[in-house]
Amino acid sequence: MQILKVVPGQTAELKKKHPCGNALFRIVRIGGLCRIICLSCGRDMEIDRVKLEKAIKRLFPPENNSDGK
C-alpha cells in the first residue's frame, strides 16, 4: 500500500457523494485523523487517514492564494 501525498488546501473528489449530492471536499488538516469540508454545503467532518485515502477518487492541486503580499 502506498501513502498518498495529500496536503492541506487540496481539493479531493471522493468515490461516494455526500448526502447533499456533492463529491468535492477541501482538505483542511492531515494526520491520523484528517479534517475535510464539503464544498457544497460547508459541512466539516473528520475521517481516518486510511479511510480517506481509500475514498479518494481524484486529487486536484492546492489553490495558490498568492495576492502579492
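The values are calculated or read from the model by the stated rules, or taken from the named source; none is laboratory data. Here the structure is a predicted model, which means the values were calculated and not measured. Glycine also receives a Cβ, built like all others from the backbone with ideal geometry; neighbour counts cover every protein chain displayed. All accessible areas refer to the heavy atoms of the entire protein, side chains included, with ligands and DNA or RNA removed. Shrake-Rupley method; radii C 1.70, N 1.55, O 1.52, S 1.80 Å.
When the residues of segment 6-32 are filtered to those that are under 12 Å from the mean Cα position of the chain (by Cα) and free of Cβ contacts under 8 Å to residues at least 40 places away in the same chain, the one that is most open to solvent (accessible area, probe 1.4 Å) is ARG29. If you go through segment 33-57 and keep only what is within 13 Å of LEU14 (Cα to Cα), surrounded by 14 or more Cβ atoms within 10 Å (Cβ to Cβ), without any contact (Cβ under 8 Å) to a residue 40 or more places away in the chain and not aliphatic (A, V, I, L, M), you end up with just CYS38.
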